[in-house]
1. Return the FRET efficiency for the residue pair A348, D456: r is the Cβ-Cβ distance, R0 is 35 Å, and the value is rounded to the nearest 0.05.
2. Helix-only estimate, please: 222 nm mean residue ellipticity of the chain, summing -39500 (n - 2.57) across DSSP H runs of length 4 or more and dividing by its residues, to the nearest 500.
3. Sort K417, K189 by accessible area with a 1.4 Å probe, largest first.
4. Once the piece of chain linking L379 and D12 is laid out straight, how much longer is it, given 0.36 nm per residue of separation minus the C-alpha distance between them?
5. In straight Cα distance, which aspartates and glutamates are under 15 Å from K295, not counting same-chain residues fewer than 8 positions off?
6. Pairing the Cα long axis of helix 45-56 with the longest principal axis of the chain, what angle in degrees results, from 0 to 90 and rounded to the nearest 10?
7. Would you mind checking the pairs K189/K416; K189/K417; K225/K376; K45/K356; K265/K417; K45/K103 and listing those with alpha carbons more than 24 angstrom apart?
8. Taking a cut-off of 22 Å between Cα atoms, list the lysines near K350, but don't count ones fewer than 8 places away on the same chain.
Amino acid sequence: MQQIRSQVTERDGLFELEAGSDVLDSPRYNHDMAPTKVRERTWNKWHITALWVGMAICVPTYTLGGVLTAYFGLSVGEALLAILFANVIVLIPLTLNAFPGTKYGIPFPVLLRSSFGILGSNVPCLIRALVACGWFGIQTMFGGLAIHLFLGSVFEGWKSLGGTGEVIGFMVFWALNLWVVIRGAESIKWLETLSAPLLVAVGIGLLVWAMPNVSMTELLAIPPKRPEGASVVSYFAAGLTAMVGFWATLSLNIPDFSRYAKSQKDQIVGQIIGLPLTMFLFASLGVIMTAASVKLVGVTVADPVTLIGHIQSPVWVAVAMALIIIATLSTNTAANIVSPTNDFQNIAPKVINRTKAVLLTGLVGLVLMAHELLKKLGLIVSDVSLETVYSNWLLGYSSLLGPIAGIMVVDYFLIKKQQLDLAGLYRDDVYPAWNWAGFVAFGVPVVLTLLSLGSDAFSWFYSYGWFTGSALGGIIYYGLCVMRAHPSVVKSAL
């Protein structure tokens, strides 16, 4: 006989839901969004480490040093320090927002129901999903190019396909990504665990290839591209904010992965080991490889896929491209498909299951890249480049998500004091449908950030958008929640 009311049990600090009909029949629940059972939380610290190694070693990470030196006016040494510091900083919201995922086994959209409301959670979820779908499309473009170059090294006639071959590679890689995620969390864990040592080996191999052709002393001595005598502080802070924005999205939806962690210690240690050092070393490799590319292939090349494509040996090109395909696949599946898959399910869990949500993610990513694909097929002519989208819109858009991170941390640790009604998150009778405190706390920093774009006096608010947004969002949310809980205090103050 099915129990009517859900029961929550606790085992070694981990909470588990035995769903009754009150939850099972709720429109806010499906099997994929349900809290993980304690027995399903099988990821130890090395699995979490492998997850971050697999996500951090990718083409965009490789190009970060170049982005900071070209667009933010930093020297090579300053750029690498900014990357290291940024990833140490972003560990704070990552580990804090991972706590409720590990404790209660819930994904990101369900956690947001506490701070934005049962229905209101869909708004920040869809904002997050759009960013992820954009990154998914860009990473798939890189993966498709790697497949095209791989096939070109194996079959001589494939090279003649040109842009058409790249589009075919895109579609093959697109389908492969969706297949991995549809298979579930264990499939992703297996992929990340397998790919991590391979990706480290690729990095070491590229470094051995490049080092004889570059002088680190000369590289570090290259002057920065900023006005002579200008203070480094503002340039460094702007670059630091952009680098924090690189993983700002994952600092929100980290519960999508920490819900599978064995313990809080495993998620904390795994993230500390896996993220900052991997990002720093692979970004450093990108700087070294780009500097060495002139001697290696005769021209300056800023991305590894194109660089390896210049190698004359078909065998080495094939091997390298196969490894880059694995690298991009491990990044894309975890960083850019899991989150929108859960976010889209949150809209209507009874209607949209994981398979449908994965396919919807793939469709949105395909639409966002349609312009670039049509260019490669020669059907349209445009000056808008993929690099422009990558370095401008997505990094800027990600920085606007800072308030959500601040709100989530304040809600769980200060307002709810790490106590959530697990069954109530899947029903309509515990948490409000719309929590307007969350929307006000999110909206005010975003509006101020956008307004600061047109003001020289307040341009710093945009330049440091993730920091200002997360801090102000958290402060406003805390103040609104305190006033709502103690209205008599507010009246007496008035």
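The values are calculated or read from the model by the stated rules, or taken from the named source; none is laboratory data. Note that the coordinates shown come from a computational prediction; the quantities given were computed from them, not determined experimentally. Every residue, glycine among them, receives a Cβ derived from its backbone with ideal geometry; neighbour counts consider all protein chains shown. Calculation scope for accessible area: heavy atoms of the full protein, side chains included, ligands and nucleic acids excluded. Shrake-Rupley method; radii C 1.70, N 1.55, O 1.52, S 1.80 Å.
1. It comes out at approximately 0.15.
2. It comes out at -21000 deg cm²/dmol, rounded to the nearest 500.
3. K417, K189
4. Numbers: separation 367, 0.36 × 367 = 132.12 nm, distance 5.94 nm.
Roughly 126.2 nm would be gained on extension.
5. Once the sequence-local aspartates and glutamates are set aside, what remains near K295 is E218.
6. With both axes taken from Cα atoms, the answer is about 50 degrees.
7. Check vs 24 Å cut-off fails for K189/K416; K189/K417; K225/K376; K45/K356.
8. Straight-line reach from K350, under 22 Å: K37.
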